[in-house]
Amino acid sequence: MKTKVLGNSDLHITPIGFGAWAIGGGDWQFGWGEQNDRDSIAAIHRALELGINWIDTAAVYGLGHSEEVVARALAEWSGPRPYVFTKCGMVWDEDRKVDYRLNAASVRHECENSLRRLRVDAIDLYQVHWPSDRPSETEEGWRELKELRQEGKIRWIGASNFNLEELQAVQHIAPVTSLQPRYSLISRTAEIELLPYCLSQNIGVISYSPMASGLLTGAMTRDRIASLPLNDWRVRNPEFAEPKLSRNLAVAQLLRKVGQRHGVSAGEAAIAWVLHHPAITGAIVGARNAKQVEGIVGAADIRLAPIEIEELQVV
């Protein structure tokens, strides 16, 4: 795959990155149901075989389990080593209850734990998962990230789920290398301020949920949604229930028609639509097994025609 430079970094990333949220399993607050670790490792290996060169995970995914699985997969991988991105700011207690924390001591503690779980000496891109509802704490955490970078424990600093004001507030402390916003055909708020700002400031953008957590794959049905296990966070997601569900499934059908013209799936068309925006450096795409990986990589090779972009803009 061709690569692009991520923002102000020296990281040359492929248009698609492997998203490791779901491989954390279902035994936590925002899990995706039960997950077999061998399937996860096979999915990572297949992604690397097909040319994907970065993995995006987070400490909180599976409460540390996703990072451990990524480390196991890379220990068994003999090819070129991919970039590994992870996140801080979401912590958990002995009862496995998730909370949000960005004070300096917590950020440093999280970084040390991620380095240990990932079995790396430095994290290629370390991102704040969610900003604090107290701006001063977000800034405190960002200052600590600057220190960690100076110490060589992280290479570049990114933000996830920040709004424009929050980005501007931390940028004077240490440069923002990348932003990770939710962005898909049915979630386009980032277009209003964030994407233009990132484009103007040379901040890379790696969007998450380009297929809207499975809604835009073309494989999601009402019956499948009804059968989701209770430990899959999507059963509580309003996008998977009426009145939004009918509209979202209709969008998936439109993507299916566009994808057929290119010989790809609705999901790949959804990813290609995200990648067409000039501010987007890459899209994070999750997969739970090798077959799912094979059904997403085609998005990196197709270019939607202007008339198709216009056709999808009516959504």
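The values are calculated or read from the model by the stated rules, or taken from the named source; none is laboratory data. Quantities reported herein were computed from a predicted structural model and do not represent experimental measurements. Cβ coordinates were reconstructed from backbone atoms using ideal geometry, including for glycine residues, and neighbour counts include every protein chain displayed. The area values use the complete protein model at the heavy-atom level, side chains included, leaving out ligands, DNA and RNA. Shrake-Rupley method; radii C 1.70, N 1.55, O 1.52, S 1.80 Å.
A single member of 264, 251, 235 is of a type in the set (Val, Ile, Thr), open to solvent by less than 80 Å² (accessible area, probe 1.4 Å), part of a helix (DSSP H, G or I) and over 16 Å from residue 186 (Cα atoms), and it is 235.
Of the residues in the range 17-71, how many are open to solvent by 10 Å² or more (accessible area, probe 1.4 Å), acidic (Asp, Glu) and out of contact with any Pro (no Cβ under 8 Å at 6 or more places or on another chain)? Of the residues in the range 17-71, 5 are open to solvent by 10 Å² or more (accessible area, probe 1.4 Å), acidic (Asp, Glu) and out of contact with any Pro (no Cβ under 8 Å at 6 or more places or on another chain).
Of all residues in the range 86-104, those that are loosely packed, with under 14 Cβ neighbours inside 10 Å and touching a residue at least 24 places away in the same chain (Cβ under 8 Å) total 3.
The set of residues in the range 154-173 that are touching a residue at least 12 places away in the same chain (Cβ under 8 Å), farther than 25 Å from residue 21 by Cα and outside any helix (DSSP H, G or I) contains only 173. Contact annotation: residue pairs with Cβ atoms under 7 Å, 6 or more positions apart or on different chains, pairing a residue in the range 217-237 that is at positive phi with a partner that is open to solvent by 60 Å² or more (accessible area, probe 1.4 Å) and of a type outside the set (Ser, Thr, Tyr), are 218/256. Residue count for the range 267-287 satisfying the condition of being open to solvent by 10 Å² or more (accessible area, probe 1.4 Å), closer than 19 Å to residue 252 by Cβ and part of a loop (DSSP other than H, G, I, E, B): 1. Going by what's in this entry, would residue 137 be described as within 19 Å of residue 61 (Cα to Cα), free of Cβ contacts under 8 Å to residues at least 60 places away in the same chain, part of a helix (DSSP H, G or I) and open to solvent by less than 20 Å² (accessible area, probe 1.4 Å)? Spelling it out, it is not the case that residue 137 is within 19 Å of residue 61 (Cα to Cα), free of Cβ contacts under 8 Å to residues at least 60 places away in the same chain, part of a helix (DSSP H, G or I) and open to solvent by less than 20 Å² (accessible area, probe 1.4 Å). Being in contact with a helix residue (DSSP H, G or I) (Cβ under 8 Å, 6 or more places away or on another chain) and either outside any helix (DSSP H, G or I) or closer than 25 Å to residue 54 by Cα (or both) is a property that holds for residue 228. If I filter the range 202-214 for residues that are in contact with a Gly (Cβ under 9 Å, 6 or more places away or on another chain), assigned to a loop (DSSP other than H, G, I, E, B), touching a residue at least 60 places away in the same chain (Cβ under 8 Å) and β-branched (Val, Ile, Thr), do I get at least one hit? Checking the range 202-214: at least one residue is in contact with a Gly (Cβ under 9 Å, 6 or more places away or on another chain), assigned to a loop (DSSP other than H, G, I, E, B), touching a residue at least 60 places away in the same chain (Cβ under 8 Å) and β-branched (Val, Ile, Thr). The residue pairs whose first member lies in the range 66-77 and is touching a residue at least 40 places away in the same chain (Cβ under 8 Å), whose second member is assigned to a loop (DSSP other than H, G, I, E, B) and of a type in the set (D, E, K, R), and whose beta carbons are closer than 6 Å, counting only pairs six or more residues apart or on different chains, are 71/119.
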